[in-house]
Amino acid sequence: MEYKVSEKFRSLKPSAIREIFKSLGTPGSISFAAGNPNPDSFPVAAMKKIADEIFEKESVTALQYGITEGYAPLRKLVAERLKRVYGIGKEDDELIIVTGGQQGIELTCKVMCNEGNVVLCENPSFIGALNAFRSLGARLVGVPLKDSGIDLSALEDALRANPNAKFLYTIPTFQNPAGITTNLETRKAVLKLAEKYDILILEDNPYGDLRFTGEDVPTYKSMDTEGRVIYCGSFSKVLSAGMRIGFLCGNSDIISKIVVAKQVEDVHTNNFFQMICAKYLEEYDLEAHIAGIREMYRKKAGLMLGALDRYMPKEVGFTRPEGGIFLWCSLPERLSLDEFVKRAGDRNVFVVPGTAFVADPAEVSHSFRLNYSMPSDEEIDRGIKILAEIAGEMLSEDRS
Ligand SMILES: Cc1ncc(COP(=O)(O)O)c(C=O)c1O
């Protein structure tokens, strides 16, 4: 049968990252392409104990339908932690549990946007969010990133050119894919622009807990006095990605609409994992657990940056993340990214080309994303050395 799928889905391509995973089976291959947390960050023994207890004592709550807003003890514990750690949560704010940050992002767009409405986003940005916005018929307008965060003058130009834009989607801390953190001065200026042009901000912060160097920067949400920011968080990178527990915090007027949208989508997030998450927060030391993950990623990021410093030709630029799991490399514009990625794949080293993350699919990218949470220490050194050799070869071919 010929499936006459909707126009929106006809133009959507499978994620380049998922496609790369198909080539990863070869023994000895090195992947810098993942976006996964390291499995050592899963507190398996604690979760097993909690799961057994839930089935012994509260199986009905785990197995019965729950409420759309989320398991009440988890909502309370997450709201308390957000207040304590991030200064987030005002009287008229509401916090709900969602099925991963991914659902929080998609639901926000679903509630805010009509077909053809503009969503502003950083360029490059998280492919899962961009595809969610595209699948809902939103039109993406990308705003470039600088080392200090989103480019303010480009943002103002975009706001002026798109006066009816529905919201700005931003990952201000340890951005995916660029690894950049928007500094405080820029955040304050973005909030002022958002006020001036009366636009909502969707602040996505799944990596915020993973700082391994430098100083914390206040979230947009903690500085928001007007209910202008919806904050999206997740336990994927600090407890388990497969658990699919995320949360949204925003003014109750907008969150109540999102609850209706969620009801239609999945009724509620999986009760069993909400309970596991709640009991972990209650009975174990999440902050100590996170400190261990930070230390692991501090070491891995240090190894990758050290290898880049040592091996990579100076013409290739790269960001120096202060946390999170990614960094972003940029080839000189005269080199072909496609050729670089192909040669890397031929030598069994996999990276994600920047084209996967651009707001406008027609844009040519010269950058690629490197992940350091998954590869082993040895793979990091060996893989970066190979990438550096390929960049060196291509540069010398270009000169000759
Ligand atoms: C920037 C960003 N936002 C949101 C998500 C979604 O995370 P999850 O749905 O697992 O909570 C990811 C996942 O990689 C991400 O990188």
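The values are calculated or read from the model by the stated rules, or taken from the named source; none is laboratory data. Since we're looking at a predicted model, the values are computed, not measured. As a convention, Cβ positions derive from the backbone with ideal geometry for all residues, glycine included, and neighbour counts pool all protein chains shown.
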Practice task
Search region 316-334 for residues being part of a loop (DSSP other than H, G, I, E, B) and surrounded by fewer than 18 Cβ atoms within 10 Å (Cβ to Cβ), and hand back the single one that is nearest to the chain's Cα centre (by Cα).
Solution key: ARG320
Fill in the blank from the handout: Among helices (runs of 4 or more DSSP H) entirely within region 89-162, at least 3 residues that are surrounded by fewer than 24 Cβ atoms within 10 Å (Cβ to Cβ) and away from the ligand (no atom under 16 Å from the Cβ) occur in 152-161
Practice task
Give just the number: which of (1) surrounded by fewer than 15 Cβ atoms within 10 Å (Cβ to Cβ); (2) not in a helix (DSSP H, G or I) does GLU378 not satisfy?
Solution key: (2)
Exercise for the section: For region 217-228, state whether one or more residues are crowded, with 17+ Cβ neighbours inside 10 Å, closer than 27 Å to LYS300 by Cβ and touching a residue at least 12 places away in the same chain (Cβ under 8 Å). Expected result: yes
Problem - Enumeration of residues in region 201-260 that are under 14 Å from the mean Cα position of the chain (by Cα) and acidic (Asp, Glu) - result: GLU203, ASP204, ASP209
Exercise for the section: Would you check if there is a residue in region 242-256 being within 13 Å of the ligand (Cβ to nearest atom) and on the phi > 0 side of the Ramachandran plot? Expected result: yes
Handout entry: Check on THR26, assigned to a loop (DSSP other than H, G, I, E, B), loosely packed, with under 13 Cβ neighbours inside 10 Å and polar (S, T, N, Q)
Key = yes
Handout entry: Scan of region 134-159 for residues that are under 14 Å from ILE199 (Cβ atoms) and in contact (Cβ under 8 Å) with a residue 60 or more places away in the chain, ordered by number
Key = VAL141
Exercise for the section: Using the structure shown, decide if ASN270 is within 15 Å of the ligand (Cβ to nearest atom), within 23 Å of the chain's Cα centre (by Cα) and farther than 20 Å from VAL85 by Cβ. Expected result: yes
Exercise for the section: Please verify whether region 65-75 includes one or more residues that are assigned to a helix (DSSP H, G or I), hydroxyl-bearing (Ser, Thr, Tyr) and more than 16 Å from the ligand (Cβ to nearest atom). Expected result: no
Problem - Selection within region 355-371 - closer than 26 Å to ARG382 by Cβ and either over 19 Å from the mean Cα position of the chain (by Cα) or assigned to a loop (DSSP other than H, G, I, E, B) (or both) - result: SER365, HIS366
Practice task
Confirm whether LEU184 is surrounded by 24 or more Cβ atoms within 10 Å (Cβ to Cβ) and modelled with pLDDT of 95 or more.
Solution key: no
Practice task
Would you mind stating whether MET312 is more than 16 Å from the ligand (Cβ to nearest atom), touching a residue at least 24 places away in the same chain (Cβ under 8 Å) and within 30 Å of LEU387 (Cβ to Cβ)?
Solution key: yes
Problem - Selected residue (only one of LEU145, LEU155, LEU130, LEU193 is out of contact with any Lys or Arg (no Cβ under 8 Å at 6 or more places or on another chain) and more than 24 Å from ALA362 (Cα to Cα)) - result: LEU193
